[in-house]
Structure formats: C-alpha cells, structure tokens
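Worksheet for the structure shown next.
The values are calculated or read from the model by the stated rules, or taken from the named source; none is laboratory data. Note that the coordinates shown come from a computational prediction; the quantities given were computed from them, not determined experimentally. Glycine gets a Cβ as well: all are built from the backbone with ideal geometry, and neighbour counts include every protein chain shown. Side chains are part of the model used for accessible areas, which takes the heavy atoms of the whole protein and leaves out ligands, DNA and RNA. Shrake-Rupley method; radii C 1.70, N 1.55, O 1.52, S 1.80 Å.
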Amino acid sequence: MRLDKLLSELGFGSRNQVKQLIKRKQVQVNGEIILSDGYNVDPQIQTLIVKGKQITYHSHRYYLLNKPAGVVSAVSDAENQTVIDLIAKEDQVEGLFPVGRLDRDTEGLLLITNNGQLAHQLLVPKKHVVKVYEASVNEEVTEEDVGTFASGIIFHGDIRCKPAELTLLEHRDGTSYVRLAISEGKFHQVKKMFLAVGKKVTYLKRIEMGPLKLDSELAVGSYRSLNAEELMRLAPYFK
Ligand code: URA
C-alpha cells in the first residue's frame, strides 16, 4: 500500500497532512527515512515509525451492531454500558468506536469500526448519507405531517431540517407507526422533528445508514462483521 494512504488510514491526517509528515522526515520504514509519498509499504511485515513512535498495524474492523436500548453510543462511560462493551473480547482491537450516535433509548443499526476516515466520510454533512428510522409516535401522524416533513421541519424556532421522507405505516390503538428517511444527523433529530408537529416518539429504531441495512437475523444486542458485499457497497466512502 502507498505510504501516504496507509498513514492517512492510520489516522495521521489527510493525504496532504501526511505528505508534510513525510517531507519533514518523520516517517521511517525498517529504520530508513522515507521521503517518497508513494513508497510501497507492507505494515504487516515492515516496521513503521512515525514521529519517533513505532506503529502497531491492525487491519480495520467493521462491525454491524443491532444496538439495544439502555446502552450508550460511546467508547467509555463511567456509569453506563457502552456499545463497545457489547463487542466480545476476541473481536476487540484498539480504536474501535461507533460511527455516529444513537440515543440511549434508540435501537438499531450502528456501525462500529476503527477506520476514522470511513467514519468521517459517512458523517460529514456534505455527503448527505441517508439514515432510515422506524418510529412509534404517541398520536396520529397525518398526511399533513408528511407534507410538513417533506418541506423541511423547523425546530427551536430557526433550525430548518432538510426535506425528509415520512411514510405512514399503520395507526393502531392510538399509536402511529412510521418510517422516516433523513439525510442529516442533528442531535435528537427525529424526536425533535416530531415534537415540532406536537407529537412524541415513543420508540425509535434505525434500520438503514447509507448502503447498510439492518438484517432481520441480527438479534437486538448482537453484531457481526460486514460481509464482502456490504464493504463493496461502502466503497464510495473509502477515500
Ligand atoms: N434521532 C433521534 O432523535 N434519536 C436518535 O437516536 C437518532 C436520531
């Protein structure tokens, strides 16, 4: 792999930033200072020293977790169980973190990885990665709401959301069951969008994020590695 690509994947910054590191003679491969960005390196068999520190290379991990309620989307937490605590010891590697955040009471799809660049590409607003949720709402959700969501919900007086696709699935015993697709990730966004039309989300589950979908075989609280097809579908987000 090219040295600049590898360093960038290892979290040493953008391609331009790592080129500067190389130029400043801060990168050694097998004890030799390397000055070429395109130098081919195999981190599994060569020793890499960056800024005087030896780098332990581990290939990236990608886990699709079906997050249960009651667990926080964080790497560590003094009081609560975290999504990283749900990863078995043998699957733990340094630097695992959740890509984005689901509220403590939200369930569903959460990508766990140690690839910071991929996470950035999936979360950066300009990529407009679509997230799809299923929600239960405590009052009847109407066609008028569908129109309001499509034209852009405004919450807190002046925060305008991008147009969102709201689909009514069912209304039963006072609860509406809906699907909502949004292409941004404001804090508590789905709950705040419904509050803006005077309704409360009583259950929330994410079922899709970009090209990733939650599959019905993945029980709540369990996870699995992404398969080759899912990794291929993520290809546009690998830089
Ligand atoms: N929107 C919310 O309100 N909560 C989540 O967990 C995710 C999206």
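Amide H to amide H distances under 5 Å link Ile207 with Leu109, Val132, Tyr133, Glu134, where only residues 5 or more positions off or on other chains count and H is placed in the peptide plane.
The separation of segment 194-232 from segment 78-151, counted between C-alpha centres, amounts to 7 Å.
In percent, what relative contact order does the chain have, based on Cα pairs under 8 Å that are 6 or more apart in sequence?
Over the chain, the number comes to 19 percent.
Comparing Glu170, Glu144, Glu217 in a Gaussian network model of the chain, where Cα atoms under 10 Å apart are tied by springs, the biggest mean-square fluctuation is seen for Glu217.
Output the pairs from Lys5/Lys186; Lys53/Lys127; Lys5/Lys213; Lys19/Lys186; Lys19/Lys131; Lys186/Lys239 with a Cα-Cα distance over 26 Å in this structure; if there are none, say none. Among Lys5/Lys186; Lys53/Lys127; Lys5/Lys213; Lys19/Lys186; Lys19/Lys131; Lys186/Lys239, the Cα-Cα distance tops 26 Å for Lys5/Lys186; Lys53/Lys127; Lys5/Lys213; Lys19/Lys186; Lys19/Lys131. Ligands, DNA and RNA aside, Leu110 has an accessible area near 0 Å² when probed at 1.4 Å.
The charge dipole of the chain, taken about the Cα centre with unit charges on the Cβ atoms of Lys, Arg (+1) and Asp, Glu (-1), comes to about 1220 debye, rounded to the nearest 20. Under the criterion of Cα pairs below 8 Å and six or more residues apart, the relative contact order for segment 89-209 equals 33 percent.
Our coupling estimate for segment 85-96, obtained by passing each phi through the Karplus curve with A = 6.51, B = -1.76, C = 1.60 and θ = phi - 60°, is 4, 7, 8, 4, 3, 6, 9, 6, 9, 4, x, 5 Hz, Gly and Pro reported as x.
Candidates Gln189, Ser59, His171 compared by Cα position along the dipole of the chain: farthest toward the positive end lies Ser59, with charges placed on Cβ.
Between Ile33 and Tyr177, the simple label model (points 7 Å from Cα in the Cβ direction) yields a spacing of 6.6 nm. Solvent exposure of Leu218, expressed as accessible area, is near 20 Å², computed with a probe of 1.4 Å over the protein chains only.
Close amide-amide hydrogen proximity is noted between Asp105 and Gly70, each under 5 Å apart and 5 or more residues distant or on a separate chain (H modeled in the peptide plane; Pro and chain starts excluded).
Taking amide H as placed 1.01 Å from N in the peptide plane, Thr202 has its amide H under 5 Å from the amide H of Ser136, Val137, Asn138, each at least 5 places away in sequence or on another chain.
Return the carbon/sulfur percentage of the accessible area of the chain, one whole number, probe 1.4 Å, all protein chains in place.
On the way: 6250 of 12770 Å².
Carbon and sulfur together cover 49 percent of it.
A simple charge model with +1 on the Cβ of Lys and Arg, -1 on the Cβ of Asp and Glu and nothing else charged puts the dipole of segment 130-209 at about 420 debye relative to its Cα centre. Largest to smallest in accessible area, the residues Val220, Val72 fall in the order Val220, Val72 (1.4 Å probe, all protein chains included). Each residue of segment 70-82 is assigned a 3J(HN,Hα), and the resulting list reads x, 10, 8, 7, 8, 7, 9, 7, 5, 10, 10, 5, 10 Hz, derived from the Karplus form 6.51 cos²θ - 1.76 cosθ + 1.60 (θ = phi - 60°), x at Gly and Pro.
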